[in-house]
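Asks: Here it is, the structure in full.
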Amino acid sequence: MPAPHKPGLLLDTADGTATVTINNPAKRNAMTDGMWRALPSMLDGLAADPAVRVLVLTGAGDTFCAGADISALRDGDPQGAAGTAEEALATFPKPTLAAIRGFCVGGGCQLAAACDLRFTAEGARFGITPAKLGIVYPASSTRRLVGLVGPSAAKFLLFSAELIGHERALRTGLVDEVLPDGDALDKRVAEFAGVLASRSRLTQAAAKEFAAPDLDPARVEHWARQSRESGDLAEGVAAFLERRQPRFTWMG
């Protein structure tokens, strides 16, 4: 089915995976102010849906996202809505995976970095470009980028605003896997999303919190208690000994 021409976020759910597609092909899937503002509420709904186990973020056609719609930046705070959307994605309680092809630039790279994992097709181009516009990149986004690629690589991207290819993105840790083309990317993302959907939600949710740089120490005991009370450990061990797939029941 052809994507509608009106810019927006498309949502499809199947087999435990929710796929959010950035759809603004006339502008290389640039995010409009309305799209930035729509993302948090969409994510809230998916977080509350027990049928959704994994979130995939991608772009329509052959581009992930070329950033914010520059024509809209003159009309208000260029970072406000984008920052709120990024934070909503970063704190989404279930595994998130960015499926990237083509350009992943500016706000697009900001969104991809907010996902837990990033898979890309060969030929993708990555860049963080506020230095071209005189925009101060948000502190939280900068720290998230440093956590992914390290201080030196983050400074290269932020200071220069130059684009890098998939090889350098993989080498620096900006992406996790590179696939030979878009078809291979789609196949691998669907396969890996299925793997994630089959695993323990308890393990995944706790790991997301523990990996965050600002972990509240009180949450360590919370997750220890959840582990004791959930029954997932007993089920996982039983499934392993019985050589079957586990049926985890913890829902959060």
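Coordinate-derived values only; no laboratory data. Quick caveat: nothing in here was measured; it's all calculated off a predicted structure. Note that each Cβ is placed from the backbone with ideal geometry, even for glycine, and that neighbours are counted across all protein chains shown.
Asks: Based on the alpha-carbon gyration tensor of segment 200-242, what equivalent-ellipsoid semi-axes (square roots of 5 times the eigenvalues) come out, in whole Å, largest first?
Replies: Calculated on Cα positions only, the semi-axes equal 24, 11, 6 Å.
Asks: Right, something else. How far is it, in nm, from the label point at Leu170 to the one at Glu122 when both lie 7 Å from their Cα along the line to the Cβ?
Replies: It is 0.9 nm.
Asks: If you don't mind, another one. Kindly express, to the nearest 10 degrees and within the range 0 to 90, the angle between helix 151-160's C-alpha long axis and the longest C-alpha principal axis of the chain.
Replies: Approximately 30 degrees, to the nearest 10.
Asks: For Val52 and Ala139 in one chain, what is 0.36 nm times their gap in residues minus the Cα-Cα distance, to one decimal in nm?
Replies: Stretched out fully, the Val52 to Ala139 stretch lengthens by 28.3 nm.
Asks: Taking the Cβ of Ala114 as the center, what net charge do the other residues with Cβ under 11 Å away carry, scoring Lys and Arg +1 and Asp and Glu -1?
Replies: -1
Asks: Same structure again: Stretched out fully, how many nm does the piece from Ser160 to Ser41 gain, at 0.36 nm a residue minus the Cα gap?
Replies: 39.5 nm
Asks: Next up: With r defined as the distance between the Cβ atoms of Glu209 and Lys132 and R0 fixed at 35 Å, what FRET efficiency is calculated, to the nearest 0.05?
Replies: My answer for the efficiency is 0.50.
Asks: Specify whether the C-alpha gyration tensor of segment 11-67 places it in the rounded, prolate or oblate class, a ≥ b ≥ c being the square roots of the eigenvalues: rounded for a/c under 1.5, otherwise prolate if a/b is larger than b/c and oblate if not.
Replies: Because a/c hits 1.5 or more and a/b fails to exceed b/c, segment 11-67 counts as oblate.
Asks: Could you put Thr21, Thr91 in order, starting from the residue whose Cβ has the fewest other Cβ atoms within 10 Å?
Replies: Going from sparsest to densest Cβ surroundings: Thr91, Thr21.
Asks: Within 10 Å of each candidate Cβ there may be at most 13 other Cβ atoms; applying that plus a DSSP loop requirement, which trypsin sites (Lys or Arg not before Pro) in segment 215-252 survive?
Replies: When the trypsin sites (Lys or Arg not before Pro) of segment 215-252 are filtered for loop state and at most 13 Cβ neighbours within 10 Å, Arg243, Arg244, Arg247 remain.
Asks: Relative to the longest principal axis of the chain, what angle (0 to 90°, nearest 10) does the C-alpha long axis of helix 139-149 take?
Replies: It is inclined by approximately 70 degrees.
Asks: In degrees, nearest 10, range 0 to 90: what is the angle between the Cα axis of helix 232-242 and the longest Cα principal axis of the chain?
Replies: 70 degrees
Asks: How much mean residue ellipticity at 222 nm does the chain get from its helices, if each DSSP H run of length 4 or more adds -39500 (n - 2.57) and you divide by all residues, to the nearest 500 deg cm²/dmol?
Replies: Mean residue ellipticity at 222 nm (helix-derived): -14000 deg cm²/dmol.
Asks: While we're looking at this one, here's another question. So, in nm, how far is label Leu10 from label Thr84 when the simple model puts each one 7 Å beyond its Cα toward the Cβ?
Replies: Label-label distance for Leu10 and Thr84, simple model: 2.6 nm.
Asks: Please report how far the C-alpha centroid of segment 16-65 lies from that of segment 113-167, rounded to the nearest whole angstrom.
Replies: Answer, in whole Å: 20.
Asks: Averaging sequence separations of C-alpha pairs under 8 Å and six or more residues apart, then dividing by the length of segment 8-197, give the relative contact order as a whole percent.
Replies: Relative contact order for segment 8-197 comes out at 20 percent.
Asks: How far is it, in nm, from the label point at Ala184 to the one at Val220 when both lie 7 Å from their Cα along the line to the Cβ?
Replies: About 4.2 nm, to one decimal.
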